[in-house]
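Accompanying notes for the structure given below.
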Amino acid sequence: MRRLVLLSLFLLGATRAALAVTCGGFSIVTADHIVVKYSAPVAAGATRSTPVVSIAGTNITVTRTLSGGSATDVSCVDDTIDLGYLGAGRFNVTWNDNVNFTTQRSTFPFLVGTLATGQPRSAELINLVLPALPDRPVRLEVDSCSQNPAVAYFSGNDIYISEYQGPRTNCKISVLDLGILPEGTYNVTWPAPELYNVNWSEIRFRFMVQQPAPTSTCTGRSTITPMPGGTARLHIEDSYRGYTPAFGPPTVTGIDDDWPGSITVSQTVADTANAMASGAAPSSAICHAEELNLGPITDGYHQVAWWYDVNVNEVHSYWGTLPFSFSWQNGTVQCTSDPGGLLNPTAFESAPVDVTLNILPPDPERRTVLATHVDGHTITVDVGMYSFPEGGIDGPGCQTFKTTVAPLPAGEYTVLWRFDGGQRVYTTPLTVIKPTRQRAAHH
C-alpha cells in the first residue's frame, strides 16, 4: 500500500511540474513530405523509446514509452514522426505517452491540400477563395512550387501552412479545404518563398468568416460605426460599372499584419460582360452598398480596399474601387475619407455663414481653403495643397476646413468641396433659416 501511495505522489509531482512548463506542442516540419513534430514536457533525465506509428485510413496513432527521470523537474523534449506522402484529406494524430501505469494522450488534426490545375484567382501568392461563410467549407489557394500540396494545421483561430518550396518553375495551385469554420477572425501564417530576389520569411494576414447582411441600400456615403465590444460595422458604397451584375457575399479577405491599417474586402460579381475590357459596350454606373463586421479595430489610420472578382463566362478579371479610409481612436471614429451627407450647423440669414468639413485626406500632404464662391444656392469651396510635413507622418490625419460666406437668403444650399482642382468633390447640405422673432416682454 505504501508503494502505491509513493507512486501516486511521484505522478502527482511530475504532473504539477509539467504544468509549469509550456512546450511547443504539435507542428508540421517544412519538408518535401509530411513530418510531424511533437514538443512535450518530459521528466528530466527520463528514457524514452522511439515512437511507433500505425496508420489506419486518416487516423494516425503514435505510441511512446517514458520511464525514469526526475520526480520534480521537467524539460521540453522534441520527437518527430515521418509520415511520408499522404493523399489529400483531413488526418488526426493521436499521440500516446506511456508513463509507468498511465497513458498521457494528445491529439493533433491537420489537413493535406490538393494540387489544382489552372491559374490562381488573383496575382497574390495566397488567396482566400470567396466567399468565407459559416455554413460553407472555407478554402485557401496557395501558389505552390512543390510537387506535393501544402499542409495546414490549427491552433485555436491560428492557421499555419507548411510547404516545401522548390524552384519557381512548374508552379501549381495548392488548394487547402479548411472545412466549416465558425464565425470569427482567423490568423494565417505561411512561410513565403523567395520571390524576385526578396526573401520573405513569412506572410501573415487575417480573414473573417461571417454571414453578411443582405445587400444594403445606398445612402450617399461609406461609414464606419462603433459597435459593442470594441468592434466596428462597415457600410461601404461604390458605383459599380457594368451591365446586369449579380453580387455574391462580400468577404473580409485580408487584415494585413505586415501593413498595419490595411483591410481588404473582396466580392464576386457575375456579369454579362466586362465593362473594363477594351472595346466594351457602353455600361451603366450602378450604386452598390454592403454591410460587414470588421471585428476589433486598433487605434490609428485604416484603409479599406474593395475588390471585385468579375466572372464573365468563367473568365475572371479584377478591379478595385477608390479606398475608404478612417481614423479610429478609443473606440470612436475621428473622421473618414467620405464625409458626404455631414450636416453643418443651421445658419441664420441675417448673419455670416460658417461652413466646415472634417475629413481624412488620402495622403499626408496638408491642404487649406484657397477660395470660396457663391452662385445661387451652390457654395463652392476650393481646397488645395500648401505643404508637406517634414519627415512625413504615418498616414494622413484628420483635417478640418472652414470658410465664412456673407449672409445668405433663407433656403436650402449645397456646399461643393473641391479638392486639388476638382480631383475629388464632396457634397454637404446647408440650411439657412430666418431668425425667430421674439415678442417684447410685457410688464
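The values are calculated or read from the model by the stated rules, or taken from the named source; none is laboratory data. Here the structure is a predicted model, which means the values were calculated and not measured. In this analysis, Cβ positions are derived from the backbone assuming ideal geometry, glycine residues included, and neighbour counts consider all displayed protein chains. These accessible areas exclude ligands, DNA and RNA; they are computed on the full protein's heavy atoms, side chains included. Shrake-Rupley method; radii C 1.70, N 1.55, O 1.52, S 1.80 Å.
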Note to self: Cβ-Cβ distance below 7 Å, separation of 6 or more or different chains: which pairs start in the range 143-165 with a residue that is within 17 Å of Tyr85 (Cβ to Cβ) and polar (S, T, N, Q) and end on one that is open to solvent by 50 Å² or more (accessible area, probe 1.4 Å) and in a strand (DSSP E or B)?
What the structure shows: Ser144/Leu115; Ser144/Lys172
Next item on the list: Would you be able to tell me the number of residues in the range 127-147 that are under 21 Å from Val310 (Cβ atoms) and either in a strand (DSSP E or B) or at pLDDT below 85 (or both)?
Entry: 4
Next item on the list: Would you mind finding the one in Asp382, Asp375, Asp420 that is at pLDDT 90 or above and under 37 Å from the mean Cα position of the chain (by Cα)?
Entry: Asp382
Next item on the list: State whether one or more residues within the range 51-63 are at pLDDT 95 or above, open to solvent by less than 50 Å² (accessible area, probe 1.4 Å) and in a loop (DSSP other than H, G, I, E, B).
Entry: yes
Notebook entry, point to check: Quick one: which of Ser262, Ser266 is open to solvent by less than 30 Å² (accessible area, probe 1.4 Å), of a type in the set (S, T, N, Q) and touching an Asp or Glu at 6+ places or on another chain (Cβ under 9 Å)?
Noted result: Ser266
Notebook entry, point to check: How many of the residues making up the range 323-339 are more than 15 Å from Thr223 (Cβ to Cβ) and open to solvent by 70 Å² or more (accessible area, probe 1.4 Å)?
Noted result: 2
Next item on the list: Could you please find all residues in the range 148-184 being part of a strand (DSSP E or B), of a type in the set (Val, Ile, Thr) and either touching a Cys at 6+ places or on another chain (Cβ under 8 Å) or buried (at least 18 other Cβ atoms within 10 Å of the Cβ) (or both)?
Entry: Val151, Ile159, Ile161, Ile173, Val175
Notebook entry, point to check: Of all residues in the range 351-370, which are closer than 19 Å to Pro407 by Cβ and outside any strand (DSSP E or B)?
Noted result: Ala351, Pro352
Note to self: With the requirement that a residue be open to solvent by less than 10 Å² (accessible area, probe 1.4 Å) and among the aromatic types (Phe, Trp, Tyr), what does the range 299-320 give you?
What the structure shows: Trp306, Tyr308
Item checked: Per-region count, the range 71-106, residues within 25 Å of Ala31 (Cα to Cα), hydroxyl-bearing (Ser, Thr, Tyr) and not in a strand (DSSP E or B) -> 1
Next item on the list: Considering every residue within the range 36-44, establish whether at least one is at pLDDT 95 or above, in a loop (DSSP other than H, G, I, E, B) and among the small types (Gly, Ala, Ser).
Entry: no
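Could you grab me the full set of residues in the range 212-254 that are among the hydrophobic types (A, V, I, L, M, F, W, C) and either more than 26 Å from Gly300 (Cβ to Cβ) or crowded, with 16+ Cβ neighbours inside 10 Å (or both)?
Selection gives Ala213, Cys218, Ile224, Ala232, Leu234, Ile236, Ala246, Phe247, Val252.
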Next item on the list: Pairs only if they're at least six apart or on different chains, beta carbon under 6 angstrom, first in the range 355-370 and more than 19 Å from Phe326 (Cβ to Cβ), second of a type in the set (Asp, Glu) and modelled with pLDDT of 90 or more; list them, first residue then second.
Entry: Leu370/Asp382
Note to self: Under 6 Å between Cβ atoms, which residue pairs at least 6 apart in sequence (or on different chains) link something in the range 68-88 that is open to solvent by less than 40 Å² (accessible area, probe 1.4 Å) with a partner that is part of a strand (DSSP E or B) and of a type in the set (Lys, Arg)?
What the structure shows: none
Checklist line | Arg221 being assigned to a loop (DSSP other than H, G, I, E, B), touching a residue at least 24 places away in the same chain (Cβ under 8 Å) and either within 23 Å of Ala273 (Cβ to Cβ) or more than 15 Å from the chain's Cα centre (by Cα) (or both) | finding: yes
